[in-house]
Amino acid sequence: MIDEKVALDESRRLHQHGAVTGELENTVHAEIRTSARSVGDVDGAKIDALAGRLRSKAIDNLAETDAEIERQRRFARVRQFVDYVFYLVYGLLALRFLLALVGARQGAGFVRLINGVTTPLFAPFKGILPTPTLEEGFVFSSSVLLAIVVYVLIHASIKGLLRIVGRRSTEL
């Protein structure tokens, strides 16, 4: 949600910048044309050269803005992919936790599938915290909850890094 707001604000800001720049350039060019008509050939050539440089600068500025917008789109896609992967990890680990909590049969195919898929994600955290078990087979796997918390922190760190790397550098 925040990334969408930032992207929308950045897009609005770039649009406004382009509109103001275009209006200013049109005004300057009109003044140059008016002045060029009233001066001699030597001054007219200087004014034409100046107008050419201004036109070139405006085109370069537009190209830079387009490149920046495309760069931001790529970073937005990377952030979306990272979010998707981590949300998938959260969902699988939460499902593992819930299946253990309700005492699902370990021999059931779905339980084996979820445990098999999440084992590589859960392995570094296995046995860190105690796992209380009731006689009915209900298991409170606190290590799975710890794994989810650690993955949330990793996710936040990666998103912060992507935000720093993808941030538009402002030139003065």
Please work out which residue is surrounded by the most Cβ atoms within 10 Å (Cβ to Cβ), limiting yourself to the range 9-30 and to residues that are without any contact (Cβ under 8 Å) to a residue 40 or more places away in the chain and of a type in the set (Val, Ile, Thr).
-> Val28
Which pairs do you get when a residue that is in contact (Cβ under 8 Å) with a residue 12 or more places away in the chain and over 18 Å from Val150 (Cα atoms), found in the range 94-110, comes within reach of a residue that is hydroxyl-bearing (Ser, Thr, Tyr) and not in a helix (DSSP H, G or I), reach meaning Cβ atoms under 6 angstrom, with the pair 6+ apart or on two chains?
-> Ala100/Ser141
Among the residues of the range 106-122, write down those that are more than 26 Å from Ile154 (Cα to Cα) and surrounded by 11 or more Cβ atoms within 10 Å (Cβ to Cβ).
-> Gln106, Ala108, Phe110, Val111, Arg112
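Give me a count of the residues in the range 83-103 that are hydroxyl-bearing (Ser, Thr, Tyr) and either surrounded by 17 or more Cβ atoms within 10 Å (Cβ to Cβ) or under 11 Å from Leu121 (Cα atoms) (or both).
1
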From Arg77, Arg71, grab the single residue that is out of contact with any Ser or Thr (no Cβ under 6 Å at 6 or more places or on another chain), touching a residue at least 60 places away in the same chain (Cβ under 8 Å) and loosely packed, with under 13 Cβ neighbours inside 10 Å.
-> Arg71
Might you let me know whether the range 99-111 holds any residue that is more than 29 Å from the chain's Cα centre (by Cα), in a helix (DSSP H, G or I), at pLDDT 90 or above and not aliphatic (A, V, I, L, M)?
-> yes
Sort out which residues of the range 117-172 are within 30 Å of Arg73 (Cα to Cα) and aromatic (Phe, Trp, Tyr), and write them in order of number.
-> Tyr151
Being surrounded by 12 or more Cβ atoms within 10 Å (Cβ to Cβ) and either touching a strand residue (DSSP E or B) at 6+ places or on another chain (Cβ under 6 Å) or modelled with pLDDT of 65 or more (or both) is the filter here, so list the residues in the range 33-45 that pass it.
-> Arg33, Ser35, Asp43, Gly44, Ala45
Flag for Asp60 being surrounded by fewer than 17 Cβ atoms within 10 Å (Cβ to Cβ), under 18 Å from the mean Cα position of the chain (by Cα) and either in a helix (DSSP H, G or I) or modelled with pLDDT under 90 (or both) | no
Only one residue in Val78, Val6 is modelled with pLDDT under 75, under 39 Å from the mean Cα position of the chain (by Cα) and within 30 Å of Tyr151 (Cβ to Cβ). Which one?
-> Val6
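If I ask for residues that are under 12 Å from Ala147 (Cβ atoms) and surrounded by 13 or more Cβ atoms within 10 Å (Cβ to Cβ), which ones from the range 123-137 would you list?
Phe125, Lys126, Leu129 - these are the residues of the range 123-137 that are under 12 Å from Ala147 (Cβ atoms) and surrounded by 13 or more Cβ atoms within 10 Å (Cβ to Cβ).
The values are calculated or read from the model by the stated rules, or taken from the named source; none is laboratory data. All figures in this text were calculated on a predicted structure; none of them were measured in a lab. Don't worry about glycine lacking a Cβ; one is built from the backbone with ideal geometry, like all the others, and counts go over all protein chains shown.
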